[in-house]
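S.K.: My structure is below; once you've seen it, I'll send some questions.
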Amino acid sequence: METMSFEEALRQLEDILSMLESGELELEQSLRLFQSGMELSVYCQQLLKEAEGRIQKLVQKPEGEVVLMELIMEEIE
Amino acid sequence: MQEYISVSALNSYIEGLLEGDLFLRNFWLKGELSGFKLYQQSGHMYFTLKDADSAISCVMFKSRARLLDFKPGDGMEVLVRGAVSLFARQGKYQLYAEEMLPFGAGDLYLQLEKTKARLQALGYFDPEHKKPLPRVVNRLGIVTSQDGAALRDILKVVRERHARVNVVLVHSSVQGTEAPLEIARGIEILNGQDYVDLIIVGRGGGSLEDLMAFNSEEVVKAVYASHIPIISAVGHEVDFTLSDLAADIRAATPTQAAQLAVPDVAAIESALQSYEQRMQRALGKKLNYSSEMLDRIMMRRIWSQPAALLADRQKQIETLAKGLQQTIVSEMQTRQQRLALAATALDKLSPLKVLSRGYAIVSRAGVVIKDEEQVGIGELVDVILHQGSLQVRVESKEGTPWKP
């Protein structure tokens, strides 16, 4: 699950949810899917927290090299 | 001393000349629009009309401007009806426009239409090529001017909604001759580095001339070729550029682009929580149902009174046994009766019974004698009586016949 995208995880979670709500599964299946579902939800929430909120500028040097720099913004209001 | 007049006097004189001329009171002029500006607050329009060699400043006041049924833009050829008068304060004469009509395709528009048709035929605007936007954008790329309003607008939304997204800006000019190349290169750099999940390319509002860079072939091709999804956000609501058509999504303004790009994290988190609750409820229901089924089964008598079942079975067995017994008994009785009958009959017919009535069995060597021929005179025969048996010699074959 480590490399799953948010979309993929969310899609699987929604599939599990609809299967659980249909009520047509065996008890054991329900328990297993519930567990997977909760794991997926935790994973999604983790992904949401990943970004750091930095603002950077990408610059290509004359030699062709690409460099990431911090961007100083005055007054973003 | 030289005779002199004041500036005001001079302007006044010129004004008099201009206003005295009937022709200048009302005429139609054909020219190309340039430097067009509509001030939203006052509603007045200011522009220049030019041809190859000349230009004239123009103004169209709100009262007339709002009657226009088309949107004037730089490069357009137009017909204008108006009058010329002096703007004394600045010492220039202006055309005060009363009416304006498009003269047919202006140069810029013509160019644009041609480019659009050509690129469309090549498939650059195909809907099938467009990619969906990612649901979660943790890294956002922006290609725009570092000093422009677009960047500020986008960052404002990002901050409001999802302070944690990483923003990567590639600065490019957004108008002028270098702009198309710089914009295209900005997109390519971001694609090459794979730093970002989504790209916003755009700029704030402006005239057609100002926005032309986003109608260029270079930008369209770069937008189309981007494997990272692109939102094109150029100018205002009504402005449509070719980059808008080539992009995966067009936003009316940079602010809207940011709103499309950056998810509302709070909303997603609350959706996830609601999913969790729903899963728990669904599981709870399932468990309840299963346990109810179990309860119902366990309520059956067999579990609380297993003996009862045995007792039932026991009774069943007894009934069957009794039945069996009776059958056997009656069967036996029948047989016994038959046996007795048979025995009686047999008894009656028994030769021994016959003997008791006075008959005797004569035999010799185990063979019963029924005929006098079977024995000779002087031979011994056995005579079996009801009681006892005799050995007798045959004296003659002329015995006395039986006479009662």
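Values in this text are rule-based calculations from the coordinates and carry no lab data. Because the structure is a prediction, the values reported are computed rather than measured. Please note: Cβ atoms are built from the backbone with ideal geometry, for glycine as well, and neighbour counts cover all protein chains shown.
S.K.: About the Cα centre of segment B:167-284, what is the dipole size in debye to 20, counting +1 per Lys and Arg Cβ and -1 per Asp and Glu Cβ, all else neutral?
M.R.: 420
S.K.: Can you find, among B:LEU283, B:VAL80, B:LEU355, the residue farthest towards the positive end of the dipole of the protein assembly as shown? Put +1 on the C-beta of Lys and Arg, -1 on that of Asp and Glu.
M.R.: B:LEU355
S.K.: Let me ask something else. Rounded to two decimal places and with Rh computed the Kirkwood way over Cα pairs, what is Rg over Rh for chain B?
M.R.: Expressed as Rg/Rh, it is 1.94.
S.K.: Please report the orientation-averaged projected area of segment B:354-393, defined via the convex hull of its C-alpha atoms, in nm².
M.R.: Details: hull surface 11.4 nm².
Its average projected convex-hull area is 2.8 nm².
S.K.: Right, here's the next one. Using the beta-carbon distance between B:ILE14 and B:GLN146 and R0 = 51 Å, what value does 1/(1 + (r/R0)^6) give for FRET efficiency, to the nearest 0.05? Please list the in-between numbers first.
M.R.: Details: r = 46 Å, r/R0 = 0.91.
Working from the Cβ atoms, E equals 0.65.
S.K.: Within 10 Å of each candidate Cβ there may be at most 16 other Cβ atoms; applying that plus a DSSP loop requirement, which GluC sites (Glu not before Pro) in segment B:295-404 survive? Numbers along the way, then the final one.
M.R.: Working: sites: B:GLU318, B:GLU331, B:GLU372, B:GLU373, B:GLU379, B:GLU395, B:GLU398; in loops: B:GLU379, B:GLU395, B:GLU398.
When the GluC sites (Glu not before Pro) of segment B:295-404 are filtered for loop state and at most 16 Cβ neighbours within 10 Å, B:GLU379, B:GLU395, B:GLU398 remain.
S.K.: Taking one equal scatterer on every alpha-carbon of segment B:7-114, how large is log10 of I(q)/I(0) by Debye at q = 0.19 1/Å?
M.R.: Cα-only, vacuum Debye calculation for segment B:7-114: -0.98.
S.K.: Got the relative contact order for chain B handy, in percent, Cα pairs under 8 Å and 6 or more residues apart?
M.R.: Relative contact order of chain B: 9 percent.
S.K.: Where in segment B:54-76 does the label zone of B:GLU99 land, with the point 7 angstrom along Cα→C-beta and an amide N cut-off under 18 Å?
M.R.: B:59-72
S.K.: Shifting gears a bit: Could you list, in their original order, any pairs among B:LYS37/B:LYS114; B:LYS62/B:LYS92; A:LYS57/B:LYS156; B:LYS50/B:LYS114; B:LYS131/B:LYS285; B:LYS131/B:LYS286 whose Cα atoms are separated by more than 28 Å?
M.R.: Checking Cα-Cα distances, B:LYS131/B:LYS285; B:LYS131/B:LYS286 exceed 28 Å.
S.K.: Along the principal axes of its C-alpha atoms, what lengths does segment B:166-290 span, in descending order and rounded to whole Å?
M.R.: 72, 32, 22
S.K.: Let me ask you something else. Give the average over all directions of the projected area of the C-alpha convex hull of segment B:100-239, one decimal, in nm².
M.R.: Working: hull surface 38.0 nm².
Result: 9.5 nm².
S.K.: Can I ask one more? Alpha carbons only, please: Rg and Dmax for the protein assembly as shown, in angstrom.
M.R.: 59.7, 225
S.K.: A follow-up question, please. Under unit Cβ charges (Lys, Arg +1; Asp, Glu -1), what dipole magnitude, rounded to 20 debye, does the protein assembly as shown have relative to its Cα centre?
M.R.: Magnitude of the dipole: close to 3320 debye.
S.K.: Would you work out which of B:LEU119, B:TYR96, B:THR144 lies farthest towards the positive end of the dipole of segment B:72-184? Charges go on Cβ: Lys and Arg +1, Asp and Glu -1.
M.R.: Comparing the listed Cα positions along the dipole, B:THR144 ranks first.
S.K.: Using only the alpha-carbon atoms of segment B:303-369 as identical scatterers, what base-10 log of I(q)/I(0) does the Debye formula give at q = 0.17 Å⁻¹?
M.R.: -0.80
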